[in-house]
1. Can you pull out the residues in the stretch 10-45 that are surrounded by 14 or more Cβ atoms within 10 Å (Cβ to Cβ), farther than 23 Å from residue 83 by Cβ and polar (S, T, N, Q)?
2. Counting just the residues of the stretch 46-57 that are surrounded by 18 or more Cβ atoms within 10 Å (Cβ to Cβ) and among the hydrophobic types (A, V, I, L, M, F, W, C), which one comes out nearest to residue 69 (Cα to Cα)?
3. Residue 52 fails exactly one of the following numbered conditions: (1) farther than 27 Å from residue 140 by Cα; (2) within 19 Å of the chain's Cα centre (by Cα); (3) among the acidic types (Asp, Glu). What is the number of that condition?
4. If you go through the stretch 155-163 one residue at a time, do you hit one that is free of Cβ contacts under 8 Å to residues at least 60 places away in the same chain, basic (Lys, Arg) and in contact with a Gly (Cβ under 9 Å, 6 or more places away or on another chain)?
5. Every residue in the stretch 201-235 that is part of a loop (DSSP other than H, G, I, E, B) and of a type in the set (A, V, I, L, M), please.
Amino acid sequence: MDKIVRAWVDGWVVSRGAAPPVVEPWGYTVDVGQAEHVSRHVLGMTNEAVEEATVRKIADGVTGAGVWLKVFAEPSTVRPWLGEGWWIDPEPGYLMSARLTGATERATPDGRASDGHIPHASVPEGHVPDGYRLRTWSRGGVTRVLLAAPDGSWAARGQIAPTGATAVVDQIETAPRHRRRGLGRLVMRTLTHAAVTQGAVTGVLAGTPDGRALYESLGWRVEATLTSAKFTGGA
């Protein structure tokens with residue numbers, strides 16, 4: 001199974017306070033414990049390694065509403081494999097990764113460093129814009145960042161969960177009226193800096209289409225497209 005997927009699952013459960021993942025022949029099952037997100041099945045393969053028969057078998061075995069399925073393939077590919085009762089997020093996600101070290105290796109044409117590693121992400125913390133307040137704290141293995149606006153309202157946030165050599169970036173958000181001010185970059189740099197100080201070398205995240213450009217500008221690369229589906233129940 002893909003090591004990047006395993007790293008994402010391990011960090012995600014720490015970030016969200018979910019149950020430890022159960023290893024399956026095809027991937028992982030995670031109990032989340034929410035009404036609309038009872039549990040999730042995460043396929044352990046990516047891209048061309050994703051098999052229709054495996055996805056169909058997992059989907060056909062789901063009978064309860066609120067169970068999610070995460071498949072690292074294009075939604076247009078996955079949609080025909082799911083039966084009735086499945087809702088598919090119309091926006092694909094992106095499994096992304098980056099080195100969090102300050103390495104300076106020369107990159108090859110495919111974007112990887114000359115030693116075969118993925119390119120490094122920028123880790124220095126940035127400047128806090130005038131009037132904004134930055135607060136960082138850690139609890140339960142998760143480091144969180146909050147940027148408050150000059151009036152005290154929420155402007156941007158994010159969190160990161162280091163699990164040894166890897167760290168999962170999660171829930172990066174910027175309030176609509178505070179976008180285009182570099183706050184997302186500041187949150188990312190603060191989080192990755194915190195992870196590096198804890199020994200993390202590789203970062204992993206599942207990003208949205210809106211967030212992809214930000215992450216790529218910071219040195220992250222797409223490893224696979226992510227399709228998210230939720231079982232809503234029979235007709």
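The values are calculated or read from the model by the stated rules, or taken from the named source; none is laboratory data. Note that the structure is predicted; figures quoted are calculated from it, not measured. All Cβ positions, even for glycine, are placed from backbone atoms using ideal geometry, and neighbour counts span all protein chains on display.
1. Hit for the stretch 10-45 is 15, nothing else.
2. Residues of the stretch 46-57 surrounded by 18 or more Cβ atoms within 10 Å (Cβ to Cβ): 46, 50, 54-55.
Now restrict to residues that are among the hydrophobic types (A, V, I, L, M, F, W, C): 50, 55.
Details: 50: 13, 55: 9 Å.
Applying the filter and picking the extreme gives 55.
3. Of (1) farther than 27 Å from residue 140 by Cα; (2) within 19 Å of the chain's Cα centre (by Cα); (3) among the acidic types (Asp, Glu), only one is false for residue 52: (2).
4. Residues of the stretch 155-163 free of Cβ contacts under 8 Å to residues at least 60 places away in the same chain: 155-158.
Add one more test, that the residue is basic (Lys, Arg), and what stays is 157.
Checking the rest, the ones that are also in contact with a Gly (Cβ under 9 Å, 6 or more places away or on another chain) come to none.
Looking through the stretch 155-163, none of the residues is free of Cβ contacts under 8 Å to residues at least 60 places away in the same chain, basic (Lys, Arg) and in contact with a Gly (Cβ under 9 Å, 6 or more places away or on another chain).
5. So the first thing to find is which residues in the stretch 201-235 are part of a loop (DSSP other than H, G, I, E, B), and the list is 201, 208, 218-220, 232-235.
Those that are part of a loop (DSSP other than H, G, I, E, B) and of a type in the set (A, V, I, L, M): 201, 218, 235.
Per-residue answers, yes or no, for (1) outside the structural domain of residue 87 (by TED's automatic domain parsing); (2) touching a Lys or Arg at 6+ places or on another chain (Cβ under 8 Å); (3) closer than 22 Å to residue 131 by Cβ:
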{"position": "163", "(1), (2), (3)": "yes, no, no"}
{"position": "180", "(1), (2), (3)": "yes, no, yes"}
{"position": "192", "(1), (2), (3)": "yes, no, no"}
{"position": "201", "(1), (2), (3)": "yes, yes, no"}
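Conditions (1) under 29 Å from residue 38 (Cβ atoms); (2) without any contact (Cβ under 8 Å) to a residue 60 or more places away in the chain, marked per residue:
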| position | (1), (2) |
| --- | --- |
| 195 | no, no |
| 198 | no, yes |
| 204 | yes, no |
| 208 | yes, no |
| 212 | yes, no |
| 217 | no, yes |
| 220 | no, no |
| 223 | yes, no |
| 227 | yes, no |
